[in-house]
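Report on the structure given below.
Quick note: the coordinates plus some simple rules give every number you see, no bench work behind them. Remember, it's a predicted structure, so these values are computed and weren't measured experimentally. Cβ sites come from the backbone with ideal geometry, for glycine too, and all protein chains shown count toward neighbours.
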Amino acid sequence: MNNRRYLDADFLLQTPTSRRLYHEVAAPLPIIDYHCHLPPAEIAANRRFENLFDIWLAGDHYKWRAMRTNGVPERFCTGDASPREKFDAWCATVPHTLRNPLYHWSHLELQRYFDIDCLISPATADEIWDRANQQLAEPGFCVAGILEKFRVEVVCTTDDPTDDLAAHIQIAGTRALGTRVLPTFRPDKAMKLSDPSAFNDWCNLLARRSGGDTGTFAGFVQALEERHGFFHRLGARLSDHGLEYCPGVFYEASEAARVFDRVRSGQAVSPQDEEGFAGHLMVLFGAWDAARGWTKQIHLGALRGNNTRARRQLGPDTGFDSIGDWPQAASLSRYLDRLDRDGHLPKTILYNLNPADNYAFATMIGNFQDGSVAGKIQFGSGWWFLDQKEAIEWQLNALSSCGLLSRFVGMLTDSRSFLSYPRHEYFRRILCNVIGRDVEQGLIPDAPEILDPLVRGVCHANAAAYFGFPSLNP
């Protein structure tokens, strides 16, 4: 009989070396959360949360997907049910999530934030609700307190070029906050031409934010570059793109201007023109990132908005996205090669959503390392559907087999929730267990002088060196 308690101190740690590496090396390290979707306005306001629903369930499409699958009506997910009713519906769902990472994450979050270690179920719902809400009312349970509790050194939010970044300006003036909070430049809407009306509204907002004229393609590009510089002045050191696949066709400026003029006049364009236009902009974005010493992030492979009815009723990012299966390697290679040939290839992290392409991505990064920066081109951590135990191990194994695990910049939350920091612990435990198992099997030496720096690097030091963030108090 197994006498181990669920989520005990050695959760996921199966060997003595795994346990030593985690408890002595990985666990004490601070967190660099270099990609997330936390709302900067809530950080600026140092938000306090009214109840456990507000901090734990609101906006969490991972949980909504599970609840729908469990037969929970929509009113208890995104609808008009009360916070307590929605919480109760989630507690009734959790026992059915065994072997889904939500089961691990939900219990880790209750333990690490609220010191609540009972199993989540309808029978424990009252106790969890009351104990958590009591703690949420305490003075230290605010956004700043959470960031301090988990020793979060840096948070990089995800921001549109048209964002005014007012919250970031406010945060920058808050010296009491011990976490550096920086924007990330995500210009995806600049390349979405399928809805001319939405694109034109966005262009008009870009003009107002930049003080420029986006009526012409040259003015549009100038406005984007002005915003890129504005982000840099506020501390941004990363860009990000969420794409189905990387454009592999790169229009010249005259061709891109033709497409732009057509869309600005309200006309539709072909998918080929949309890709060529996006390819032109991606080349420009890469050059700007390289010139300012930024890191480019490219998230590839999400098939979004599959359910038309749900998208119309509930909007985007409500839990109806999945893994896509586009060919990735050839177009991604053409893009990286174009930047490299032009001398404009920045530090780049590639995130893959289809595990079938893991080895394609793990080998792709080796094509464009140039010796200027250790791990200049990175195969990023498992994200979205792949930020769970099995897929994290797949990513670590592919990277280790085809590249240098020791130069990996490690985990991020990619989350909208302030309760997601145990995901770093989850990743660190998995990493230490992978290494510890190899030691036990005689595949790598039991040599702390080699193993400890590797774990410290992947969990913290590599990211600190790689991104070149401005200091908290320059």
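Assorted remarks:
- In Hz, Karplus ³J(HN,Hα) per residue of segment 151-164 (6.51, -1.76, 1.60; θ = phi - 60°; x = Gly, Pro): 6, 8, 7, 9, 10, 10, 7, 10, 9, 6, x, 8, 5, 6
- Euclidean distance between Cα centres, segment 392-424 to segment 301-341, Å: 20 Å
- Relative contact order of the chain, taken over Cα pairs closer than 8 Å and 6 or more residues apart, is 21 percent.
- For q = 0.10, 0.14, 0.19, 0.23 Å⁻¹, Debye-computed log10 I/I(0) when each Cα of segment 224-350 counts as one equal scatterer: -0.38, -0.75, -1.19, -1.29
- Centre separation in Å (Cα based) which lies between segment 83-99 and segment 139-169: 28 Å
- Taking the longest Cα principal axis of the chain as reference, the axis of helix 271-291 is set at about 70 degrees.
- Here 384, 105 are placed in order of increasing Cβ neighbour count within 10 Å, fewest first, which gives 384, 105.
- A simple rule links phi to the HN-Hα coupling: the Karplus curve 6.51 cos²θ - 1.76 cosθ + 1.60 with θ = phi - 60°, which for segment 260-270 gives 4, 4, 5, 5, 5, 8, x, 9, 6, 10, 6 Hz, with x for Gly and Pro.
- Residues whose amide H falls under 5 Å from that of residue 241, counting only those 5 or more places apart or on a different chain, are 297, 298, 299, with hydrogens built in the peptide plane.
- The chain, helix-only ellipticity at 222 nm - DSSP H runs n ≥ 4, -39,500 (n - 2.57), divided by all residues, nearest 500: -13500 deg cm²/dmol
- Helix 217-233 axis, angle to the chain major axis (alpha carbon atoms, nearest 10°): 40 degrees
- Over all directions, the projected convex hull of the C-alpha atoms in segment 49-136 averages 5.0 nm² in area.
- Alpha-carbon radius of gyration plus Dmax, which is the widest Cα pair, for segment 352-474 in Å: 14.8, 48
- Convex hull (Cα only) mean projected area of segment 420-474, reported in nm² to one decimal: 5.1 nm²
- Relative to one another, the C-alpha centroids of segment 431-446 and segment 32-77 are positioned 36 Å apart.
- With Cα atoms, 0 to 90° folded angle of helix 83-93 axis to the chain main axis: 70 degrees
- Viscosity 0.890 mPa s, temperature 25 °C, Stokes-Einstein D of the chain from Kirkwood C-alpha radius, µm²/s: 104 µm²/s
- With neighbours defined as other Cβ atoms within 10 Å of a residue's Cβ, the residues 423, 131 order from fewest to most as 131, 423.
- Sequence of 252, 425, 226 once ranked by neighbouring C-beta atoms within 10 Å, starting from the fewest: 252, 226, 425
- Cα centre as origin, Lys/Arg/Asp/Glu Cβ charges: the chain dipole, Debye: 200 debye
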